[in-house]
Amino acid sequence: MPTFTVAELARRVAGVIDGDDRRVITGVASIEAAGPDDLTFIAEERYVGRIGARPPGSILVEPGLHLGVPDTSLIRVGNPYLAFAEIIPLFHPSPTARPGIAPSATMGRGVRLGDHVTIGPHVVIGDAVKIGHRTRIEPFTVVEAGVHIGDDCRIGYSCSILAGARLGDRVQLHTGVRVGADGFGYARGPMGAVKIPQIGGCLIGDDVEIGANSTVDRGALGDTVIGSRTKIDNLVHIGHNVRVGEDCMIVAQVGIAGSVRIGAGASLGGQAGISGHLTIGPGARIGAQSGVTKDVPAGADYCGFPARPFHEVMKAKAAGFRLPDALRRLSAVERELGMGSPGRAPDATDPDASEEST
Amino acid sequence: MPTFTVAELARRVAGVIDGDDRRVITGVASIEAAGPDDLTFIAEERYVGRIGARPPGSILVEPGLHLGVPDTSLIRVGNPYLAFAEIIPLFHPSPTARPGIAPSATMGRGVRLGDHVTIGPHVVIGDAVKIGHRTRIEPFTVVEAGVHIGDDCRIGYSCSILAGARLGDRVQLHTGVRVGADGFGYARGPMGAVKIPQIGGCLIGDDVEIGANSTVDRGALGDTVIGSRTKIDNLVHIGHNVRVGEDCMIVAQVGIAGSVRIGAGASLGGQAGISGHLTIGPGARIGAQSGVTKDVPAGADYCGFPARPFHEVMKAKAAGFRLPDALRRLSAVERELGMGSPGRAPDATDPDASEEST
Amino acid sequence: MPTFTVAELARRVAGVIDGDDRRVITGVASIEAAGPDDLTFIAEERYVGRIGARPPGSILVEPGLHLGVPDTSLIRVGNPYLAFAEIIPLFHPSPTARPGIAPSATMGRGVRLGDHVTIGPHVVIGDAVKIGHRTRIEPFTVVEAGVHIGDDCRIGYSCSILAGARLGDRVQLHTGVRVGADGFGYARGPMGAVKIPQIGGCLIGDDVEIGANSTVDRGALGDTVIGSRTKIDNLVHIGHNVRVGEDCMIVAQVGIAGSVRIGAGASLGGQAGISGHLTIGPGARIGAQSGVTKDVPAGADYCGFPARPFHEVMKAKAAGFRLPDALRRLSAVERELGMGSPGRAPDATDPDASEEST
């Protein structure tokens, strides 16, 4: 395991040391788990209380934060979490690949490989595939004929990259990702659904990361597009002809139906669903489990089903829990005024409620 | 790339030409993207406005639609979208497979193969498997012992077809589909959950298509059944002993719990969930993200959680957004009548609401 | 197919026979499908009516249940379903594996294998992997360097077990499971999201079962932990640093965000989602499709979005369906009192409602 002094680490992130700069650090850990030989970080002051009895050897903190923790060397930086992200690889370098083509790989004709490409065991590469410098393809992955993959990509185990796909540079597909499978499109024929052949492409920008077992369908006509620097979590479904802008965050199990447009910088909470052909404006934030059934304006904060502005939904939800009582009060008012409609039970016993709770 | 005259294309779909029948078409495209050499289609009149400055060379339209677009050869047919589906493969023929068994495939004993079967590299076929004519199995797929697969099937990359499965003809499994894995069944024992061995089968009808990374579990006892011509999108979960009828449409990320019955022609919107042992009637439509907790009658249109008839849900939802105001109005009425209960805040400030929005 | 007498079967589950103990049983079946040669079970009296015209040869029932079914040998046991689970494998023994390493497997250096281990075709095992006795690894599965897997595990087809994972004994991963892929963690940098290297582990306890295509991410720092005897269904997402206790039940398509703690014996219904950093108390029950946004106390029964106690939610939902009518009644009361605010439509026509139903 590599070791570094606090001075060496501070230099890497252009930090200012507050404490002993010769202290030796042997690892990184969370604020709760970090011991005297570890570096950790504090992004917000409220986490200070999580420091344990044996304080961390070094902590990345913001310039203005005062901790009063003895025996700890602080490294002051503008963005401690970002600095921490830069330091982790010093202690945990990525396993070095051995570039080359495994004997059990199946290579098509006319494949063009950049320098230092790694093709793992049991990989299948189709005809006329182009793979950029230093890209690494893990075992059990298939790349269909004609696909282009850029430089410095990491394609995980058991991925499928189908015809019509183009991946930029530094793309990372985690294990089990499917890029370019057929979208869900059918015409109604006299004998049932007739498949619309899916012939579009699937364009993945630079620095995109896609989580395990997620699926991004190819376009029906035209292309499905994922903008550069967009990050996609596990088990996400992205339908045909969806266009996701740059710098979006799409959390696990989100489903995006066909032909949706998502503006740059938007974020979608886990398990949210977007109906087909809608537009989510740039910078919009869609809450977890939302069901979006109408366009969402730029910068808006939506949640619920059907999705509405966050504060509106929360107010309505909270009011909803006061409703059973309000119905009782309304009945009392009607009785006071002699207005109760015949046939409506005047008291609070609600047959629907008991029916629901069986 | 193949080319066709408008006359040739019209003949294929029994269409009537309105314009120059000798015009040469070199490709298909969406209404927005189609140029002077492309064929496109218009399914509904409201899409006419999407025609760009350089109009398409040819458009499939309904008999009665009048476009007033010069320099475009119309092909009039009863169902333009269906006709378009039939024409796409003329321009984009499926890649021709090279029938045969790849040297790196692992074949069991007593395997029966039809004519022109393609078994790709790194495929594993178990003992006594039967595979019909012209069926194609892509790399990294496993077919367990005793499985039967019909004629003209396309089994994608990295699929798993486990013991007890029977697939009809023209079945298409996209990459990563799991058919016949164990269902989720446990008895409560003195030392925790005890697994119920899952020994049933998984029967997939003719012309079924299943999307990437979807899972269809085998029956616990008896079979899980997917009816002919049913189409299933990506990342769908179908539990043990579910019986889906013919001609159903199941959109991405739907989850169907064990022993559910779904009638013929039903459609389930994306991310909908159906609780165990329920019956969804034939032709019912379940909205996206619905949570179905009771049987749904034939032909009904349900949505929401717990799912209720569509119009009822939408009326209640809309009313819900008027509720905070209604609570204020009710309090005002009570004050007017001198009825306000003690201890209830007479104004609209709702502590629950602010609690919710943190 | 093996056969057993009722006496032999009763002895296996310490049952008391009520009827002919020499009757020969040749298979197991559900209550609806069981015929004169089959054994079935009845867990609850209400299922008695499902017995068909040709009654089952033998039925496992509780001591006190009286059926009045002639020609059926009852076997009385305390827990009929559990006894049935024990008898199924007598009729359906697991296929016997042929221990050994397939020639097409790729083995790393320093791999330690227990006795009778089965490594299937096209498996990739990394350096210094340790695999316990009688464990079986199916084709197309990868086990990264340094992973430990216990005794008697069943690792299905096309699984990925990545660096930092440790699996206990008798773990069963179904096909397509991903254990130890990167979690979803980014710092905000000046040029967009910066990946936080994910360096933690993924600890899976004894007797854990994980369903097809589910994903359990490795910890960011520290470990993701799944407690012993916990059962996880298909297409479930478990984020980084989640800690699931022992004996939990997690139904299909559940999503658990990062750093959630779930107490022992908790159950999560299908498609439920848990927001990051929350705590679900031991024994809590979270309903299907719930969206949990706050901690849930031990033993509580929560549902809905945002999740609240079950009875509260159901009461509010049921009242919600009476709301459109209540708004009309409130308007009538206001008119009676001369209180209607100007600008508010005095009748029940709700423009929002019609807007929603388009």
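Some notes on this structure:
- Residue count for region C:171-182 under the criterion of being under 18 Å from B:A181 (Cβ atoms) and free of Cβ contacts under 8 Å to residues at least 40 places away in the same chain: the result is 8.
- Top-ranked residue of region A:142-178 - restricted to ones that are hydrophobic (A, V, I, L, M, F, W, C) and either under 30 Å from B:S228 (Cβ atoms) or open to solvent by 20 Å² or more (accessible area, probe 1.4 Å) (or both), ranked as nearest to the other protein chains (Cβ to nearest Cβ): A:V142
- Residues of region C:1-25 satisfying the condition of being part of a loop (DSSP other than H, G, I, E, B) and free of Cβ contacts under 8 Å to residues at least 40 places away in the same chain: C:T3, C:R22
- Residue tally, condition aliphatic (A, V, I, L, M), open to solvent by less than 30 Å² (accessible area, probe 1.4 Å), more than 11 Å from chain B (Cβ to nearest Cβ) and assigned to a loop (DSSP other than H, G, I, E, B), over region C:179-214: 1
- Among the residues of region C:277-302, the ones that are outside any loop (DSSP other than H, G, I, E, B) and within 12 Å of C:S267 (Cβ to Cβ) come to 6 in all.
- Restricted to region C:233-252, and to residues there that are at the interface with another protein chain (Cβ under 9 Å from one of its Cβ atoms) and under 8 Å from the mean Cα position of the chain (by Cα), the residue that is farthest from B:A257 (Cα to Cα) is C:M249.
- Among the residues of region C:290-315, those identified as farther than 19 Å from B:R308 by Cβ, of a type in the set (A, V, I, L, M, F, W, C) and surrounded by fewer than 23 Cβ atoms within 10 Å (Cβ to Cβ) are C:A298, C:A300.
- Per-region count, region A:323-353, residues outside any helix (DSSP H, G or I) and modelled with pLDDT of 80 or more: 3
- Exactly one residue out of C:P139, C:P93, C:P121, C:P99 is within 14 Å of chain B (Cβ to nearest Cβ) and open to solvent by 70 Å² or more (accessible area, probe 1.4 Å): that is C:P93.
- Only one of the listed residues (A:G273, A:G291, A:G255, A:G320) is at the interface with chain B (Cβ under 9 Å from one of its Cβ atoms) and at pLDDT below 95. That residue is A:G320.
- Residue that is hydrophobic (A, V, I, L, M, F, W, C), farther than 14 Å from C:L235 by Cα and touching a Cys at 6+ places or on another chain (Cβ under 8 Å), where the choices are B:L221, B:L173, B:L203: B:L173
- Flag if C:R54 is away from chain B (no Cβ under 14 Å), under 22 Å from B:I199 (Cβ atoms) and modelled with pLDDT under 95: yes
- Residue tally, condition outside any loop (DSSP other than H, G, I, E, B), within 27 Å of the chain's Cα centre (by Cα) and not charged (D, E, K, R), over region B:31-62: 6
- Only one of the listed residues (B:V69, B:V111, B:V77) is open to solvent by 30 Å² or more (accessible area, probe 1.4 Å) and modelled with pLDDT of 95 or more. That residue is B:V111.
- B:R109 fulfils the conditions (1) closer than 30 Å to B:P2 by Cβ; (2) more than 14 Å from chain A (Cβ to nearest Cβ) except for a single criterion, (1).
- Filtering B:G245, B:G255, B:G239, B:G273 for residues that are of a type outside the set (V, I, T), surrounded by fewer than 24 Cβ atoms within 10 Å (Cβ to Cβ) and either within 21 Å of C:I286 (Cβ to Cβ) or in contact with a Gly (Cβ under 6 Å, 6 or more places away or on another chain) (or both) leaves a single hit, B:G245.
- Among the residues making up region B:43-66, a single one is touching a Lys or Arg at 6+ places or on another chain (Cβ under 8 Å), open to solvent by 60 Å² or more (accessible area, probe 1.4 Å) and either over 25 Å from A:H277 (Cα atoms) or touching a residue at least 40 places away in the same chain (Cβ under 8 Å) (or both): B:P63.
- Scope region B:215-232; condition at the interface with another protein chain (Cβ under 9 Å from one of its Cβ atoms), part of a loop (DSSP other than H, G, I, E, B) and open to solvent by 10 Å² or more (accessible area, probe 1.4 Å); matching residues: B:A220, B:L221, B:G222, B:S228, B:R229
- Whenever a residue of region A:325-338 is under 10 Å from B:E334 (Cβ atoms), its partners that are of a type in the set (V, I, T), lying with C-beta atoms within less than 9 angstrom and at least six residues away or across chains, give the pairs A:R329/B:V333; A:L330/B:V333; A:L330/C:V333; A:V333/B:V333; A:V333/C:V333.
- Residue in region A:152-166 that is at positive phi and of a type in the set (S, T, Y) present: yes
- Scanning region A:12-42 for residues that are open to solvent by 40 Å² or more (accessible area, probe 1.4 Å) and closer than 16 Å to A:L82 by Cβ yields A:R12, A:A14, A:V16, A:F41.
- Of the residues screened, C:G265 is not one that is surrounded by fewer than 24 Cβ atoms within 10 Å (Cβ to Cβ), in a loop (DSSP other than H, G, I, E, B) and away from chain B (no Cβ under 14 Å).
- The lone exception for C:V124 - which of (1) at pLDDT below 95; (2) in contact with a His (Cβ under 8 Å, 6 or more places away or on another chain) it fails: (1)
- Qualifying residue in region B:81-89 (condition: open to solvent by less than 20 Å² (accessible area, probe 1.4 Å) and away from chain A (no Cβ under 13 Å)): no
- Top-ranked residue in region B:279-289 [being over 22 Å from A:G255 (Cα atoms) and open to solvent by 20 Å² or more (accessible area, probe 1.4 Å); ranked as farthest from the chain's Cα centre (by Cα)]: B:T279
The values are calculated or read from the model by the stated rules, or taken from the named source; none is laboratory data. Predicted, not measured: the structure shown is a model, and the values here were computed from it. Glycine also receives a Cβ, built like all others from the backbone with ideal geometry; neighbour counts cover every protein chain displayed. SASA here: full protein model, heavy atoms, side chains in, ligands and nucleic acids out. Shrake-Rupley method; radii C 1.70, N 1.55, O 1.52, S 1.80 Å.
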